[in-house]
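All remarks here apply to the structure that follows.
The values are calculated or read from the model by the stated rules, or taken from the named source; none is laboratory data. Source: prediction; values computed, not measured. Heads up, the Cβs are rebuilt from the backbone with ideal geometry, glycines too, and the neighbour counts pull from every protein chain shown.
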Amino acid sequence: MKKTVFILLCIVNVTLSYSQKNDSLTLELTRELNELVKEKLLVGFSVAIYNDKGALYEKGFGYSDKQEKKDYTKNTIQNIGSVSKTFIGIALLKAQELGKLNLDDPINDYLPFQVVNPYYPNDTITIRQITTHTSSIRDRDLWYGFNNFFLKEKKKPLEKKKIYFRKPGQMISMKELFETYLVKGGKSYKAKSFFKYKPGTHYNYSNIAATLGAYIVEQATKEDFKTFTQKYVFDPLQMNNTGWSFKDVDFDNHSRLYTKSKKRLALYSMVTYPDGGLITSSSDMAKYASELIKGYLGEGTILTKKSYKEAFTGSLDGVLIQEANGDNCGVFFDITAQNLIGHGGSDPGIASLMFYDPKKRVGRYLQTNTDLYKKNLNNFLAVWDKLKKYETQFE
């Protein structure tokens with residue numbers, strides 16, 4: 001009995017020690033981040049440090065609405081850019097688990113139209129090539145910018161509109177976009193929508209190809225991509241403040257977006273929403289990112305151990321890694337030269353970063369509601385570095 005009491009007292013003392021240490025670290029990190037807030041280069045942002053057990057630190061800074069002095073919190077939501085692509089990867093792997101597709105299948109096995117590189121018409125493009133940006137499908141940047149972003153509302157006099165934002169009533173479906181852009185005979189089809197190399201032989205980042213991966217999930221499973229990810233990702237992880245459209249989330253929690261001059265930017269949606277349009281919070285993303293670490297450790301809950309291994313195993317080698325600036329690529333997961341796994345993202349008025357260290361079993365997440373440019377990019381990265389400084393110190 002005495003031995004049992006002694007052990008219990010030891011556990012309590014250790015727990016209290018951990019708690020006190022974490023409280024102290026929380027105060028120190030918050031103080032240092034507040035010093036960066038004083039530079040007033042980012043209107044608002046939120047951060048999270050997490051491990052396989054969950055969030056270790058979560059907090060918002062600055063404003064979600066500068067004019068109304070509304071605080072940016074860990075539950076503030078906004079679109080997060082290309083970090084969204086990792087959810088396409090998870091969805092494709094889940095569809096593979098369900099027997100609906102195989103990542104090495106040709107994409108045309110699942111499409112109601114044919115997508116063919118005109119320079120190599122006899123070479124198939126595979127799903128895996130889409131996930132590793134080696135498909136040879138090309139973003140024609142000017143066309144992509146003028147045909148992808150649509151205003152949430154027709155008129156918002158307090159907001160500054162980008163000239164390439166189109167009216168809400170002009171929104172088209174993903175299918176229409178692909179048929180217009182990638183299918184021979186389409187209204188905006190051009191051979192230069194593809195690179196002049198054989199699929200699988202070179203790395204070039206492609207947003208439209210990534211969205212094609214989400215569309216393949218829909219075609220293979222006969223479920224809407226939004227419904228599929230809600231069922232197999234958001235609901236199981238209790239990501240209750242996350243969705244792909246304004247109607248899927250509590251809009252009262254949505255941040256305003258800002259240009260580099262701190263003017264309001266019109267809220268928008270995207271035809272290619274799976275490649276960058278996820279609306280979420282740092283608190284929800286910490287749940288997701290924690291699951292990714294668990295998955296790496298073979299303890300994930302939304303995919304099998306085999307699927308997670310495939311997600312985080314690089315498929316590039318040699319010249320392709322050089323073309324990817326030294327990074328490797330799993331199933332829409334970047335693997336850096338330092339062996340960090342995750343993704344980054346940016347779109348008008350937003351930026352985000354999500355990476356974890358598989359050896360240290362810890363990661364960090366950052367999102368902001370402000371356009372990045374040379375001066376505030378340094379501030380954004382300074383916040384990121386502060387998270388790195390503290391990420392391994394929490395117990």
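Of note:
- Near pairs, Cβ below 6 angstrom, 6+ apart or cross-chain, from the stretch 266-288 (closer than 13 Å to residue 82 by Cα) to any residue that is acidic (Asp, Glu) and part of a strand (DSSP E or B): 276/347
- Unmet criterion (only one of (1) in contact with a Phe, Trp or Tyr (Cβ under 9 Å, 6 or more places away or on another chain); (2) under 16 Å from residue 387 (Cβ atoms)) for residue 357: (1)
- Count of the stretch 1-51 residues which are outside any helix (DSSP H, G or I) and either at pLDDT 95 or above or under 25 Å from residue 63 (Cα atoms) (or both): 14
- Tally, over the stretch 371-388, of residues that are among the charged types (D, E, K, R), touching a residue at least 24 places away in the same chain (Cβ under 8 Å) and within 18 Å of residue 30 (Cβ to Cβ): 2
- Taking each residue of the stretch 329-347 that is polar (S, T, N, Q) and looking for partners that are buried (at least 22 other Cβ atoms within 10 Å of the Cβ) and at pLDDT 95 or above with beta-carbon atoms closer than 7 Å, six or more apart or interchain, yields 346/81.
- Taking the stretch 222-312 as the region of interest, the helices (runs of 4 or more DSSP H) fully inside it that hold 2 or more residues being within 19 Å of the chain's Cα centre (by Cα) and of a type in the set (Val, Ile, Thr) are 225-229.
- Elements of the type helices (runs of 4 or more DSSP H) sitting completely within the stretch 60-161 and holding at least 2 residues that are surrounded by 15 or more Cβ atoms within 10 Å (Cβ to Cβ) and without any contact (Cβ under 8 Å) to a residue 60 or more places away in the chain: these cover 141-148.
- Residue match in the stretch 352-364 (condition: closer than 23 Å to residue 55 by Cα, in contact (Cβ under 8 Å) with a residue 60 or more places away in the chain, surrounded by fewer than 22 Cβ atoms within 10 Å (Cβ to Cβ) and not β-branched (Val, Ile, Thr)): yes
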